[in-house]
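**Q** My questions all concern the structure below.
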Amino acid sequence: MSDQAISQVSTVTLLRFQGSNAFWIFAQMPKAPKKFEKVSGLKFFKLMGSGGKNGFSKMLNVNIYALHCVWDSEEHANDFFQRSTMFSEFKNRTTELFTIFLKATRAHGLWSGSNPYQTQNLTPTGPIAVITRARIKLKFLPKFWSKVPSLGKKVDEVNGSIYSIGIGEYPWFMQATFSIWESYEAMHNYAYGNPLHLEVIKKTRELGWYAEELFANFIPYKTEGTWGKLHDQLNGKL
């Protein structure tokens with residue numbers, strides 16, 4: 001399939017809930033998948049919670065959630081976000097909501113038994129987004145969580161980091177990260193120049209921490225909504 005024939009796009013939507021709506025979204029976690037399965041043009045989806053602080057904590061953040069979707073086309077994505085009664089209910093209950101549209105450029109590994117991304121041969125000239133996801137073997141949970149909080153804290157201190165958050169389908173053993181970087185070089189320098197991150201990579205390979213893992217790069221190309229300063233930080237670079 002040529003790059004011109006690839007119409008697939010991905011989206012990451014950050015959602016903030018307050019008060020009684022935080023209880024509402026928590027209750028939707030087991031209910032929503034059946035509704036998402038009926039959405040036209042939606043190839044893959046995950047509704048995920050987040051951890052405390054910047055997401056890299058064993059404590060749950062009951063206010064922030066993330067919806068990750070892979071669409072057959074941008075038209076399908078727009079139809080869902082603009083006209084779906086299901087998404088309208090989500091939107092109306094949030095105090096803040098932000099959707100980032102993405103094109104996958106690299107993806108390897110599996111997520112729930114498959115790799116949902118069709119990659120395009122695009123050269124990043126600006127910001128790059130990264131999704132990492134792992135299902136951790138139960139026997140390695142203590143070792144994993146002894147490293148992750150410190151690692152997450154360091155991401156915010158790295159030059160070239162725009163945004164990062166730890167998210168997951170289930171607390172503690174199904175973990176994902178979503179991060180945005182000013183450039184591919186900034187992301188690469190962190191991934192392979194940070195001693196703590198390199199140690200985690202080494203341990204992962206040596207000990208086999210993960211039962212399943214995936215790593216994907218994306219080019220963000222448009223956004224909708226607001227999320228603190230992220231809207232201005234990112235849109236000025238797209």
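**Q** Taking PHE80 as meeting all but one of (1) in a loop (DSSP other than H, G, I, E, B); (2) at pLDDT 95 or above; (3) surrounded by fewer than 21 Cβ atoms within 10 Å (Cβ to Cβ), write down the number of the exception.
**A** (1)
**Q** Is one or more of the residues making up the range 88-97 in contact with an Asp or Glu (Cβ under 9 Å, 6 or more places away or on another chain) and either under 15 Å from ASN217 (Cβ atoms) or in a strand (DSSP E or B) (or both)?
**A** Yes, that holds for at least one residue.
**Q** Another question about this same structure. With the requirement that a residue be over 29 Å from LYS237 (Cα atoms) and in contact with a Lys or Arg (Cβ under 7 Å, 6 or more places away or on another chain), what does the range 74-128 give you?
**A** Within the range 74-128, MET86, TRP111 qualify.
Table: residues versus (1) touching a helix residue (DSSP H, G or I) at 6+ places or on another chain (Cβ under 7 Å); (2) surrounded by 18 or more Cβ atoms within 10 Å (Cβ to Cβ); (3) of a type in the set (A, V, I, L, M); (4) at pLDDT 90 or above.
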residue: PRO116; (1), (2), (3), (4): no, yes, no, yes
residue: GLY126; (1), (2), (3), (4): no, no, no, yes
residue: VAL130; (1), (2), (3), (4): yes, yes, yes, yes
residue: ILE136; (1), (2), (3), (4): yes, yes, yes, no
residue: VAL148; (1), (2), (3), (4): no, yes, yes, no
residue: PHE178; (1), (2), (3), (4): no, yes, no, yes
residue: TRP181; (1), (2), (3), (4): yes, yes, no, yes
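**Q** Which residues, counting only those in the range 150-175, are among the hydrophobic types (A, V, I, L, M, F, W, C) and modelled with pLDDT of 85 or more? Before you say what the answer is, go through the steps one by one.
**A** If we filter the range 150-175 for residues that are among the hydrophobic types (A, V, I, L, M, F, W, C), which is where we start, we get 151, 155, 158, 162, 165, 167, 172-174.
Scanning the range 150-175 gives ILE162, ILE165, ILE167.
**Q** Scan the range 26-45 for residues that are over 21 Å from GLU74 (Cβ atoms) and either outside any loop (DSSP other than H, G, I, E, B) or touching a helix residue (DSSP H, G or I) at 6+ places or on another chain (Cβ under 7 Å) (or both) and report the count.
**A** Within the range 26-45, residues that are over 21 Å from GLU74 (Cβ atoms) and either outside any loop (DSSP other than H, G, I, E, B) or touching a helix residue (DSSP H, G or I) at 6+ places or on another chain (Cβ under 7 Å) (or both) number 7.
**Q** Given (1) within 18 Å of the chain's Cα centre (by Cα); (2) of a type outside the set (Gly, Ala, Ser); (3) at pLDDT 95 or above; (4) within 19 Å of GLN18 (Cα to Cα), where does LYS91 come up short, assuming only one miss?
**A** (1)
**Q** Would you check which residues across the range 107-134 are of a type outside the set (Gly, Ala, Ser) and assigned to a strand (DSSP E or B) and list them?
**A** Here is the first cut: in the range 107-134, the residues of a type outside the set (Gly, Ala, Ser) are 108, 110-111, 115-125, 127-128, 130-133.
Within the range 107-134, HIS108, TRP111, ILE128, VAL130, ILE131, THR132, ARG133 meet the criteria.
**Q** Take the range 84-123 and flag every residue that is of a type in the set (Phe, Trp, Tyr) and without any contact (Cβ under 8 Å) to a residue 60 or more places away in the chain. Full working, then the answer.
**A** Going through the range 84-123, the residues of a type in the set (Phe, Trp, Tyr) turn out to be 87, 90, 98, 101, 111, 117.
Correct list: PHE87 only.
**Q** Can I ask one more? From the list LEU102, LEU110, which residue is modelled with pLDDT under 95 and closer than 29 Å to ILE6 by Cα?
**A** Working: LEU102 fails: modelled with pLDDT under 95.
None of the other options fit; the residue is LEU110.
The values are calculated or read from the model by the stated rules, or taken from the named source; none is laboratory data. Just so you know, these numbers come straight off a predicted model, no measurement behind them. Here Cβ is always computed from backbone atoms with ideal geometry, including for glycine, and neighbour counts include all displayed protein chains.
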